[in-house]
Amino acid sequence: MRLFAVSALALATLATPAFAQDAASSFTGPRAEVVAGWDHVGGLGEGSSGFTYGGALGYDAQIGRAVIGAEAEITGSTTEEDGASAGRDLYVGGRIGFVALPNTLVYAKGGLTNARVNVEGLGSANTDGYRFGGGVEHNFGRFYGKVEYRYSRYEELDLNRDQVTAGLGIRF
């Protein structure tokens, strides 16, 4: 009986590091996700709101509790007002964050964005801008979910864009 207890204790001790690695998944690797949420386009508190939807690709590297990454995204929008509508939005940028809890990342992001605005009777115009924001991401093994706020500014058209989105993705 004593030999059985010692053997069981030895096996449990050897298996503990393997269980610990499974419990805290890494934020390293390529990722793909779908995003959707609230979209508000306007200036100085005015404008209109709609729904944004799309997808993103990225790559993150975890170094200790720090995470750095790059990402690219394309989204569309249902936001319209007075014959003008928000079209597609392209974004490329980076993010930096830290693992606040096991499997939970808190991050800030920033980069460049290019939006298309469609005006009835005049056609469409592309405008460049910048984006910054932040969010929280939680790993569920290879899959993850996230919620983020992002602000975009397009100086040429004097437009602001506020978005609150949720994303579901997979890390490869």
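Per-structure values
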quantity: Among the residues listed as L44, L112, the single one being aliphatic (A, V, I, L, M) and at pLDDT 95 or above; calculated: L112
quantity: R131 vs. criteria touching a Lys or Arg at 6+ places or on another chain (Cβ under 8 Å) and either farther than 19 Å from D39 by Cα or modelled with pLDDT under 95 (or both); calculated: no
quantity: Verdict on S25 being modelled with pLDDT under 95, crowded, with 17+ Cβ neighbours inside 10 Å and closer than 17 Å to Y144 by Cα; calculated: yes
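The values are calculated or read from the model by the stated rules, or taken from the named source; none is laboratory data. Computed from a prediction, not measured in an experiment: that's the story for all the values here. Positions of Cβ are backbone-derived with ideal geometry, glycine not excepted, and every protein chain shown enters the neighbour counts.
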